[in-house]
Amino acid sequence: MLRLLICLLLTPAIALAQGATATQKPAQKPPASAPAAPKPAAPAAGAPKPVPAGRAPARPAAPLTDDQKTVYALGLLMQRSLNEFDLSAAELDILKRALTDAAAGKPAIDIDEWGPKIEAFAAGRAKRVAAREKAASAAYLAKAAAEPGAVRADSGLIYREMSPGTGPSPAASDVVKVHYRGTLINGTEFDSSYRRNEPAQFPLNGVIPCWTEGVQKMKVGGKARLVCPSDLAYGDAGRPSIPGGATLVFEIELLEIVASAPQ
């Protein structure tokens, strides 16, 4: 519940920014019966283009100060927090209205009455997101399992070797060093050690089940692709950048077995 309340407390900046954009009115078109205006003479070569009447010349966005960049980062975090509510465009409008009303000191409802309902609302939306993700994943999983060289394990993991390794294979209790890239089935990247330019190191029994099972199939020096159904990844809960019920795709390069469990 605390996370949900913090989310609502952090939302005003992004919502107000969206509201400012929404208040701009589109330019009106002239009536169909209006006579056609004479065409102006073509400007000389190299002359600046005239600005249409009534329209200010476009200005480039001013560079952000460090404080403004921090506020912008805050907005990005708030957007992640709002994802779990799966809000429609109409619901976002209601959210912006609530922020405006609260800023004016004139809320339309009693927060003490309706605030406690937020947790149940979020849980219901999370179930909806997870069901939608699983439905979208079904065709992807079938296609991935049919790719040349792909092997579907009894657990549901789909493993495909991209390049073979020549070293030993790790055990579940070993500590390994890897480079990896993780994406959603639509190609959105949510994590990458390559992007950080720093390999990751961890015990295989301390990560998601898909990794524990899949990396044991690899040999040091090899690279593989793991397609992980949600029950082998983060389940219906998801993560801030991973929807509940999401199938995840990892490309993993096994660099080293850092420490082996004692025999």
> Using modelled amide H (1.01 Å from N, peptide plane; none on Pro or chain starts), what sits under 5 Å from the amide H of PHE202, excluding residues fewer than 5 places away?
Replying inline: VAL176
> Kirkwood hydrodynamic radius (Cα pairs, Å) of the stretch 111-263?
Replying inline: 16.6
> So what are the ³J(HN,Hα) numbers for the stretch 155-164, from phi and the Karplus equation (6.51, -1.76, 1.60; θ = phi - 60°), rounded to whole Hz, Gly and Pro as x?
Replying inline: 6, x, 4, 10, 10, 9, 6, 9, 8, x
> Summing +1 for each Lys or Arg and -1 for each Asp or Glu, what net charge is found among the other residues whose Cβ lies under 10 Å from the Cβ of GLU189?
Replying inline: +1
> Can you work out the FRET efficiency for the pair GLN216 and ALA120, with r the C-beta to C-beta distance and R0 = 35 Å, to the nearest 0.05?
Replying inline: 0.30
> For the stretch 81-181, what is the largest minus smallest coordinate of the Cα atoms on each principal axis, given in angstrom and ordered from greatest to least?
Replying inline: 69, 32, 20
> Which percent of the accessible heavy-atom area of the stretch 85-157 goes to carbon and sulfur, probe 1.4 angstrom?
Replying inline: 62
> Non-local amide H neighbours of ASP191 (under 5 Å, H modeled in plane, Pro and chain starts lacking H): which ones?
Replying inline: GLY182
> Once phi is turned into θ = phi - 60°, what whole-Hz ³J(HN,Hα) does the Karplus curve with 6.51, -1.76 and 1.60 give for every residue of the stretch 221-226, x standing for Gly and Pro?
Replying inline: x, x, 9, 9, 10, 10
> Per residue, how many Å² of accessible area does the stretch 219-263 show with a 1.4 Å probe?
Replying inline: 43
> So what J values fall out for the stretch 210-217 if you push phi through Karplus, 6.51 cos²θ - 1.76 cosθ + 1.60 with θ = phi - 60°, rounded to Hz, Gly and Pro as x?
Replying inline: 4, 6, 4, 6, x, 5, 5, 7
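The values are calculated or read from the model by the stated rules, or taken from the named source; none is laboratory data. None of these values were measured; they are calculated from a predicted model. With ideal geometry, Cβ positions are generated from the backbone for all residues, glycine too; neighbour counts draw on all protein chains shown. Accessible surface is based on the protein model in full, side chains and every heavy atom, while ligands, DNA and RNA are left aside. Shrake-Rupley method; radii C 1.70, N 1.55, O 1.52, S 1.80 Å.
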